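Notes follow the structure.
The values are calculated or read from the model by the stated rules, or taken from the named source; none is laboratory data. No experiment lies behind these values; they were computed from the predicted model shown. A quick note on method: Cβ atoms are made from the backbone with ideal geometry, for glycine too, and the neighbour counts reach across all protein chains shown. Just so you know, the surface numbers come from the protein's heavy atoms only, side chains and all, with ligands and any DNA or RNA stripped out. Shrake-Rupley method; radii C 1.70, N 1.55, O 1.52, S 1.80 Å.
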Amino acid sequence: MDDYAHGILDEGQTTISNYLLNNYHKIGINNQEMFIYMLIKGNHDLVIPMPEMADLHEKTGYSEQQLFNLFHQMIEKKLAKITQVTIEGQQVDAYDFTPMYEKLSLLNNDQVSQQREVQSPKIVDSHERQSVFESIEKEFGRTLSPIEMESISQWLDIDHYSPELIQMALKEAVLNQVYNLKYMDCIIGNWYKKNLKSPQQIEAYKKTRNSGRADDMSNQYNGPDIPFINLTGNPDK
């Protein structure tokens, strides 16, 4: 056998359950997530040491931010969780995909359909998530830090702020020349206190507020006192 064939065999093989391949969409895994899982699985079973993002970027062509988003989505969908494993005497971070197989096992007794009825708000897909990150980076004029990216992910996945709402808060922050996430969070928090949770509600509120200000301005006069001059010659008028 030539060196080329030996090289292929030395790389090993990745074995994926046909049941998973036939049903992954039914448990909420999209094609990109499935591709990444297959790529990192190798000869591991449920617990897979965290890969180097730079290596995955080279293999897939996805940016490191896109890869971060995909792994974060799988955790938010409860398909995976972060754990630790011991390799050569050292503790390393790893992804545990046990929850994914637990969801797969539920297909036999129709529990997946019951879960969908009580499903949490819509998961933001990777394209929407990436668009939010890119918009904020563009307006801030710099690359976001990992902590900032995690804060934005929490807005989307835990607080369930819609991408449109975050974009509107970004616009308000830019108009006020304040370029930080805390200010944006305060803006969204104030909207929520007023029970404004959709772009339509916020726009309607802003129009009403601006209209009220215009009426107040038209009814106010801050200039000097103007004396009354009777031009009729009648002292009673």
*Residue count, the stretch 190-200 (criterion: surrounded by 12 or more Cβ atoms within 10 Å (Cβ to Cβ) and in contact with a helix residue (DSSP H, G or I) (Cβ under 8 Å, 6 or more places away or on another chain))*: 5
*asked:* So Ile16 ticks every box in (1) assigned to a loop (DSSP other than H, G, I, E, B); (2) open to solvent by 50 Å² or more (accessible area, probe 1.4 Å); (3) more than 23 Å from His160 (Cα to Cα) but one. Which box is left unticked?
replied: (2)
*Go through (1) in contact with a helix residue (DSSP H, G or I) (Cβ under 6 Å, 6 or more places away or on another chain); (2) modelled with pLDDT of 90 or more and name the single condition Val47 misses.*
(1)
_Return the residues of the stretch 25-37 that are surrounded by fewer than 15 Cβ atoms within 10 Å (Cβ to Cβ) and either of a type outside the set (Phe, Trp, Tyr) or within 16 Å of Lys78 (Cβ to Cβ) (or both); say none if nothing qualifies._
His25, Lys26, Asn31
*Take the stretch 128-145 and flag every residue that is farther than 14 Å from Asn69 by Cβ and of a type in the set (Lys, Arg).*
Lys138, Arg142
*Looking at the stretch 89-189, what helices (runs of 4 or more DSSP H) fall wholly within it and have at least 2 residues that are modelled with pLDDT of 90 or more, in contact with a helix residue (DSSP H, G or I) (Cβ under 7 Å, 6 or more places away or on another chain) and of a type in the set (Asp, Glu)?*
163-175
*Do any residues in the stretch 77-102 that are more than 15 Å from Pro51 (Cβ to Cβ) and of a type in the set (Gly, Ala, Ser) have Cβ atoms under 8 Å from those of residues that are open to solvent by 20 Å² or more (accessible area, probe 1.4 Å) and in a strand (DSSP E or B), where the two are at least six apart or on different chains, and which pairs are they?*
none
*asked:* Exactly one of these conditions fails for Ser63: (1) small (Gly, Ala, Ser); (2) modelled with pLDDT under 90; (3) surrounded by fewer than 15 Cβ atoms within 10 Å (Cβ to Cβ). Give me its number.
replied: (2)
